[in-house]
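Everything on this sheet refers to the single structure shown next.
The values are calculated or read from the model by the stated rules, or taken from the named source; none is laboratory data. These numbers were taken from a predicted model, which means no experiment stands behind them. Here the Cβ positions follow ideal geometry from the backbone for every residue, glycine too, while neighbour counts run over all protein chains shown.
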Amino acid sequence: MDFAYPLVFGLFVLLPILIWWYVKKQGKQQATFKVSSGYAFAVSSWKNRFRHLPFVLRLLAISCLIAALARPQKRNDEQRTNGEGIDIVLCMDVSGSMGSPDIYPSRMEVAKEVAEEFVRSRPVDRIGLVIFSGESFTQCPITGDRNTLITQIQTLESRKYLKDGTVIGEGLATAVDRLSKSTAKSKVIILITDGKEDAPDTRLIDPLTALEIAKSQQVKVYTIGMGAAPSSIVEITGKKGPQRNPSIDFLDVELLQKIANETGGKYFRAKDKDGLKNTYNEINKMEKSEMEVTSFHRYEERFLPFVLAALALLLIEIALRFTLFRRFP
């Protein structure tokens, strides 16, 4: 409960003054005379014991009036968020390598945690979730229901849903398809992977074809290469001539950069949790939504019970003063 005029409580300083005045007045009104013994006057009745009750009721009534003058209120604060949002699809790699612990506790767990924070930071956007491994799947269609989407992100596990492999092209194509009927001013895909195209024989769409589809739909793609190991390509010289080191060349940086650059997005490299957070923060800054937050403050007046209590106490005091505690000159 709040009070509109809390300074009114300063009137409570009047109560000690009234008590002092009452005690002083009572002393002057008491008749006195000398007797040899006061034993006969030691007997007291209930009227004598409760003779100050009317004054106590008056003090309580004054206290209720002061509280009423301070205007007690119940305050309800509401916020309404309006704006023109962006349609976003999180396209996440869930292949077996995402369970790697090089980013503690695992790449997958960190990717899920940071993605959840990103979803919470976009209050007016519609966001969907596409996952891919050896095949692609729409885990959650584009929606404004944050709780449902976050629940879907939290339940992700590597190698649980799809056959093994890494089909970046099909994942991208599925994400573009989710946005194909969008009427939002901006359509964005955030594609995160820790590997390069490793497609089974059943692959339908290669990455370059998916790139052309994204461009035709005017979808902007931000790509993120995730993993703590170096992503640079190192050539080693052997009997068969220069060869790439497969233990280091785990990301197809050239492909990820091509997808991002040709769709108007950007490629990011995330080697740890902080790096991934910074990546999402940078995307957040580049993809601004038009958002208007309107605050509502509703007040419900609560002074009436105090006024009624004061009136009731005053009526009880008057009734007692002129009946049970009536004095005669």
### Message
So in region 154-183, with the set limited to residues that are free of Cβ contacts under 8 Å to residues at least 60 places away in the same chain and in a loop (DSSP other than H, G, I, E, B), which one is surrounded by the most Cβ atoms within 10 Å (Cβ to Cβ)?
### Response
V167
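Taking into account only those residues within region 86-106 that are small (G, A, S), in a loop (DSSP other than H, G, I, E, B) and surrounded by fewer than 21 Cβ atoms within 10 Å (Cβ to Cβ), which is modelled with the highest pLDDT?
So the residue we want is S106.
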### Qualifying residues in region 261-278 (those that are in contact with a helix residue (DSSP H, G or I) (Cβ under 8 Å, 6 or more places away or on another chain) and part of a helix (DSSP H, G or I)) - the one farthest from V110 (Cα to Cα)
E262
### Query
Can you tell which of T279, T263 is under 30 Å from K112 (Cβ atoms), modelled with pLDDT of 85 or more and in contact with a Lys or Arg (Cβ under 6 Å, 6 or more places away or on another chain)?
T263
### Query
Inside region 144-177, can you point out the residues that are closer than 22 Å to Q218 by Cβ and in contact with a Leu (Cβ under 9 Å, 6 or more places away or on another chain)?
I168, G169, E170, G171, L172, A173, A175
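Can you tell which of I192, I150 is of a type in the set (A, V, I, L, M) and within 17 Å of V253 (Cβ to Cβ)? Spell out how you get there, then give the answer.
Details: I150 fails: within 17 Å of V253 (Cβ to Cβ).
Just one listed residue meets the conditions, I192.
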### Task
Report whether or not S186 is of a type in the set (S, T, Y), surrounded by fewer than 20 Cβ atoms within 10 Å (Cβ to Cβ), in contact (Cβ under 8 Å) with a residue 60 or more places away in the chain and in the same structural domain as Y104 (by TED's automatic domain parsing).
yes
### Query
If L251 satisfies every condition in (1) part of a helix (DSSP H, G or I); (2) assigned by TED's automatic domain parsing to the domain that holds E212; (3) at pLDDT below 95 but one, which is the exception?
(1)
### Task
Write out, first by first residue and then by second, each pair whose Cβ atoms fall under 8 Å of each other, whose residues are 6+ apart or on separate chains, and whose first residue, in region 194-221, is without any contact (Cβ under 8 Å) to a residue 12 or more places away in the chain while the second is in a loop (DSSP other than H, G, I, E, B) and surrounded by 20 or more Cβ atoms within 10 Å (Cβ to Cβ).
none
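On the given criteria, is L7 surrounded by 14 or more Cβ atoms within 10 Å (Cβ to Cβ) and either at pLDDT 90 or above or among the small types (G, A, S) (or both)?
Numbers: surrounded by 14 or more Cβ atoms within 10 Å (Cβ to Cβ): no; either at pLDDT 90 or above or among the small types (G, A, S) (or both): yes.
Taking the combined requirement at face value, the residue does not satisfy it.
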## Note on the structure
Note on region 142-153: residues loosely packed, with under 15 Cβ neighbours inside 10 Å and outside any helix (DSSP H, G or I) are T143, G144, D145
### Message
With the requirement that a residue be under 14 Å from L255 (Cβ atoms) and in a helix (DSSP H, G or I), what does region 208-223 give you?
### Response
L208, T209, A210, L211, E212, A214
#### Entry: Matching residues, region 120-138, being touching a strand residue (DSSP E or B) at 6+ places or on another chain (Cβ under 8 Å) and either in a loop (DSSP other than H, G, I, E, B) or surrounded by fewer than 18 Cβ atoms within 10 Å (Cβ to Cβ) (or both)
R122, P123, V124, D125, S133, G134, F137, T138
### Message
Of the conditions (1) under 31 Å from the mean Cα position of the chain (by Cα); (2) surrounded by fewer than 16 Cβ atoms within 10 Å (Cβ to Cβ); (3) aliphatic (A, V, I, L, M), L208 satisfies every one except a single condition; which number is it?
### Response
(1)
### Query
From the residues in region 299-329 that are more than 25 Å from I66 (Cβ to Cβ) and charged (D, E, K, R), which one is modelled with the highest pLDDT?
R326
